[in-house]
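Since the structure comes first, as structure tokens, the remarks are kept for the end.
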Amino acid sequence: MLKNALFALLVLLPATFVSANEPQLLPAKADAIDSALLKQKRPIEVYLPVESAKEPTQRYETLYVLDGDWNAKIVVDVVTFMRSVGFMPPVIVVSVPNVFDAKGVNSRDHDLTPTVMAGQPRSGGAKEFLAFLKTELLPYVNAHYPASGVNLVHGHSFGGTFLMYVLAHEPALFDGYAILDPAMWWDDHALDPVLAATLSALPTQGKAIFVGARAGQMYEEMGMAKVEPIFKAKAPAALHWTVTQYPGESHDSLKLKGTYDALKYAYQGYPARQMELIPSAGIVLKDKPVYLGLNGDGDSADAHYTTDGTAPTAASPKFAPQVAITDPTKTTIALLSNRGIYDRVLVHSLKSGDVLEPPAHAVGADRKWRLAFYAAEAWPELARARPFKTGTAEKEIDFDGGGRDAFAGIAGRNLAIPAEGYYVIGVGTSGQVRVSLAGTTLFEHDGAHGQRQHAFVVPLRRGVYPLRVEFRPAAKTPDLDVVVFQCKDGEPEWWKNQLILLSSKSRP
């Protein structure tokens, strides 16, 4: 049985994610590009999402991993985990490893550094490597794999330094940047003035920039203490960027937390579980506000709203923790994502209307629910059918008492309303339900479509209202929860004021 009134209404939706034990990416495919720019054969490894085997026409965002020879595995593991818990969509992961020349010299000190530094004669090849990415690698992947053309990139250490160089010279090349512990001390902070001169012109649409750095002394030594103020002073106001400091981490250990946080930031707003307004339907009186809340397993930090009919933006008021509205036709609530691709308006069915009057003939409140069970095929015309069983219940329905695998039913009682005002009627079911009050059908709901709960607000007078709940439970898992709350003036947390509760009886 549901344990309290709040959980009765705010019950979480069933998880729809794949198991963490299931693979999210196909085994790596080895590939290579004969680079005319670098005069090298550049190997890559491409990890396609498992969905690509069944959906050949679908296209996916691509995540490029620099220093892929030692960073790809951790990125693949984090992507696999985040996919399993629903925090990001299917993506392609492209590992871009370093290469060794005939003399055994690693290319990374050349490819990933922006300038030639004294004592480092092989350094300063970032310009050529950037050209390779832009004109050879990305076009090749887009042509040979199911890539959507939306690209993210992961770089650690010199890889992070290189990504700062990309931001300063070709910021539109990637849409999401995971920059981890970049060596911004390189060549006496040679990139700092370049960033300061170019950052203000950075395109903002669809961009998310995450920078992770070690805290404390290493924040100073790696050069981030000088870089972060440049972002604060020069980054466009609409640009989504963040710098996160990690205390107690080493240069390498930071990669685990940083990779997770960076991808979480880039895919912020991706619907791990749906969020909805509570109540999301009902009647609102003119000049009498209704308090709305948010229900779900997502993050409400980026929910914004307007009450003048305009579309919410990041500059609009934040929705937290409740919002009072008086004109639902001009109220819009939206979840805004960092890159803008997961922005979503929260749909509601609130309408302006009048008080629902109590019938003159209803007298006295009931202490028990009256129950009647019908054959399943009698749904939805239960009024024309004869029940095969009747009974009563105080707070629990024992569906085993129905005696059949499939059935329909009615639960009814008189509801005493202590004072004039708003009341919220919430239901939770995996089946179908229809709720009527004083002979007026308030709403119908079908939990089989993935939304188990529904909440409806209605203004009532003091008096007695016949409440009727018709239901057809899901055959394999019959369930029904009904709860009524009183919205007291000046108390936004109306869910603390429970009037009645009816729940499915717990199974052993």
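The values are calculated or read from the model by the stated rules, or taken from the named source; none is laboratory data. Nothing here was measured: the structure is a model prediction, and the numbers come from that model. So basically every Cβ, Gly included, is an ideal-geometry build from the backbone, and we count neighbours across all protein chains shown. What goes into the accessible areas is simple: the full protein's heavy atoms, side chains included, and nothing from ligands, DNA or RNA. Shrake-Rupley method; radii C 1.70, N 1.55, O 1.52, S 1.80 Å.
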| field | Accessible surface, per residue, of the stretch 180-298 when the full set of protein chains is kept, probe 1.4 Å, Å² | value | 42
| message | Output the 0 to 90 degree angle, nearest 10, between the alpha-carbon long axis of helix 68-84 and the longest principal axis computed from the alpha carbons of the chain. | response | 0
| message | Calculate the FRET efficiency for residue 366 and residue 404 from the Cβ-Cβ distance with a Förster distance of 25 Å, rounded to the nearest 0.05. | response | 0.45
| note | Interchain or sequence-distant (5+) residues whose placed amide H lies within less than 5 Å of the amide H of residue 338 are 268
| said: Which residue, 70, 217, 435, has the largest displacement toward the positive end of the dipole of the chain when charges sit on each Cβ (Lys, Arg +1; Asp, Glu -1)? | reply: 435
| field | Expected 222 nm ellipticity per residue - DSSP helices of 4 or more, -39500 (n - 2.57), all of the chain, to 500 | value | -5000 deg cm²/dmol
| note | Expressed in angstrom and rounded, the centroid-to-centroid distance over alpha carbons for the stretch 172-239 and the stretch 402-457 is 54
| note | Counting only DSSP beta bridges fully inside the chain, the antiparallel percentage to nearest 5 is 70
| task | Calculate how steeply helix 158-169 sits against the longest principal axis of the alpha-carbon atoms of the chain, using the helix alpha-carbon long axis, and give the answer as 0 to 90 degrees to the nearest 10. | result | 80
| said: Compute the angle between helix 254-266 and the longest alpha-carbon principal axis of the chain, please, reported from 0 to 90 degrees and rounded to the nearest 10. | reply: 60
| remark: Taking the dipole of the chain about the Cα centre (Lys, Arg +1; Asp, Glu -1; charges at Cβ), the one of 240, 342, 415 that reaches farthest to the positive side is 415
| Spin-label point model (7 Å from Cα, Cβ direction): what's the residue 57 to residue 81 distance in nm? | 3.7
| Heavy-atom accessible area order for 113, 440, 135, 242, largest first, 1.4 Å probe | 135, 440, 242, 113
| task | With r as the distance between the Cβ atoms of residue 311 and residue 128 and R0 = 51 Å, compute the FRET efficiency 1/(1 + (r/R0)^6) and round to 0.05. | result | 0.70
| field | Cα-centre dipole for the stretch 372-507 with unit charges at Cβ (Lys and Arg positive, Asp and Glu negative), debye to 20 | value | 260
| field | Candidate aspartates and glutamates for bridging to residue 207, where Cα separation is under 18 Å - those fewer than 8 sequence places away on the same chain excluded | value | 61, 170, 175, 228, 261, 302, 343
| What is the magnitude of the charge dipole of the chain about its Cα centre, with +1 placed on the Cβ of each Lys and Arg, -1 on the Cβ of each Asp and Glu, and no other charges, expressed in debye to the nearest 20? | 1460
| Two-site label geometry, residue 390 and residue 200: point separation in nm, points 7 Å out along Cα→Cβ | 8.0
| said: Give me the 1.4 Å probe accessible area per residue for the stretch 301-388, excluding ligands and nucleic acids, in Å². | reply: 57
| task | Of the options 46, 326, 360, report the single residue whose Cα projects farthest towards the positive end of the charge dipole of the chain (beta-carbon charges: Lys, Arg +1; Asp, Glu -1). | result | 360
| query | What's the tally of Lys pairs in the stretch 305-444 whose alpha-carbon atoms lie under 18 angstrom apart, where the two lysines are 8 or more places apart or on different chains? | reply | 4
| request: For the chain, give the percent of accessible area contributed by carbon and sulfur heavy atoms, probe 1.4 Å, rounded to a whole number. | output: 53
| At R0 = 22 Å, FRET efficiency that the Cβ-Cβ distance of residue 376 and residue 440 yields, to 0.05 | 0.30
| message | Translational diffusion coefficient of the stretch 48-207 at 37 °C, 0.692 mPa s, Stokes-Einstein with Kirkwood Rh over Cα pairs, in µm²/s as a whole number. | response | 197
| task | Can you pull the one-decimal nm distance between simple spin-label points at residue 474 and residue 383, each 7 Å off the Cα toward Cβ? | result | 3.0
| remark: In whole Hz, the Karplus estimates of ³J(HN,Hα) for the stretch 310-326 (6.51, -1.76, 1.60; θ = phi - 60°; x where Gly or Pro) are 8, 7, x, 10, 4, 7, 6, x, 7, 8, 6, x, 9, 10, 8, 10, 10
| task | Let me have the relative contact order for the chain, percent, based on Cα pairs under 8 Å that are six or more residues apart. | result | 12
| query | Tell me, what is the percent relative contact order of the stretch 328-399, built from C-alpha pairs under 8 Å that lie six or more residues apart? | reply | 23
| said: Need the list of lysines near residue 257 for cross-linking: C-alpha distance under 20 angstrom, and skip anything on the same chain fewer than eight residues off. | reply: 73
| Dipole magnitude (debye, nearest 20) for the stretch 171-306, charges at Cβ of Lys, Arg, Asp, Glu | 500
